[in-house]
Amino acid sequence: MSPTELTAERSEASLGRVLIAAAQIAEWVESLGVEICREYAGQTLDLVVVLEGGRKFAADLVRAVRTSVELRVHFVQASSYGRSTVSTETVRLSGDREFQLHGAQVLVVDDIVDSGHTARALLDSLSRQGADSVRLAALLSKPDRRVVDVPVDYVGFEIPDEFVVGYGMDYGGAFRNLPDIHVLDEPR
Ligand code: IMP
Ligand code: MG
């Protein structure tokens, strides 16, 4: 794709209002850290972070887990939306078979559960590897968009059916750096 095409596509989408402010996100991530300390006290917890969108959430979460839990952090790449905002049923995972998770307590850390396809594929893969428990933490959930039933054990915010960016989430690679979560204004 040429730089001109990229600019043309991006210009169709513009940054909309703040949906969740950085301070609200920080408050929830802190409380999740406290809850994890309580639930996994004295144990080893394997975090499986879904790239790219879950990276920032995971970085803040790791800092919020302050005591008594030994954390191991792994990264898995899930197929992305590219420049589209429409979900795909075919989920490509890479890196998810390289961890030693037999008998482990696993917590999947993802930015957002939308259709549920990504989370379902990942939870199934990790369970097949013999993990003792596999839970899911998602910063955001869009219940109206769910196609596949997936239990979200820890959810920060349930949001309406709108495409969002910021705090690690992108649109075609843009807007990840923003501290707040914004709605993306674009023709869908
Ligand atoms: P699912 O497989 O449809 O649940 O999609 C999950 C993945 O799609 C998320 O982990 C995100 O990476 C991406 N995604 C879904 N909705 C949004 C959004 O509103 N903004 C940015 N990324 C999104
Ligand atoms: Mg994701």
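Details
So that you can scan it fast, the table gives a plain yes or no per residue for (1) in contact with a helix residue (DSSP H, G or I) (Cβ under 7 Å, 6 or more places away or on another chain); (2) at pLDDT 95 or above; (3) under 25 Å from VAL62 (Cβ atoms):
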residue: ALA121; (1), (2), (3): no, no, yes
residue: VAL164; (1), (2), (3): no, yes, yes
residue: TYR167; (1), (2), (3): yes, yes, yes
residue: ALA174; (1), (2), (3): yes, no, no
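- Pairing each residue of the range 115-142 that is over 17 Å from GLN77 (Cα atoms) with any residue that is among the aromatic types (Phe, Trp, Tyr), provided the two are 6+ apart or on different chains, yields C-beta distances under 6 Å for LEU139/PHE57; LEU140/PHE157.
- Residue match in the range 105-123 (condition: part of a loop (DSSP other than H, G, I, E, B) and surrounded by fewer than 16 Cβ atoms within 10 Å (Cβ to Cβ)): no
Table: residues versus (1) at pLDDT below 95; (2) within 16 Å of ligand 2 (Cβ to nearest atom).
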| site | (1), (2) |
| --- | --- |
| GLU30 | no, no |
| VAL34 | no, no |
| GLU39 | no, no |
| LEU47 | no, yes |
| ALA59 | no, yes |
| THR85 | yes, yes |
| GLU98 | yes, no |
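- Residue list for the range 124-149, filter: farther than 21 Å from GLU39 by Cβ, assigned to a helix (DSSP H, G or I) and in contact with a Leu (Cβ under 8 Å, 6 or more places away or on another chain): SER125
- Condition met for THR90 (modelled with pLDDT under 95, over 13 Å from the mean Cα position of the chain (by Cα) and surrounded by fewer than 17 Cβ atoms within 10 Å (Cβ to Cβ)): yes
- For ASP180: the one exception among (1) closer than 15 Å to GLY53 by Cα; (2) under 13 Å from the mean Cα position of the chain (by Cα); (3) modelled with pLDDT of 95 or more: (2)
- Residue pairs meeting the criteria (Cβ under 7 Å; at least 6 apart or on separate chains; first under 17 Å from LEU101 (Cβ atoms), in the range 57-78; second buried (at least 16 other Cβ atoms within 10 Å of the Cβ) and of a type in the set (Phe, Trp, Tyr)): VAL69/TYR40; HIS74/PHE99
- Where PRO160 falls short, out of the listed (1) over 14 Å from the mean Cα position of the chain (by Cα); (2) more than 12 Å from ligand 1 (Cβ to nearest atom): (2)
The values are calculated or read from the model by the stated rules, or taken from the named source; none is laboratory data. Quick caveat, the model's predicted, so the values are computed rather than measured. Here Cβ is always computed from backbone atoms with ideal geometry, including for glycine, and neighbour counts include all displayed protein chains.
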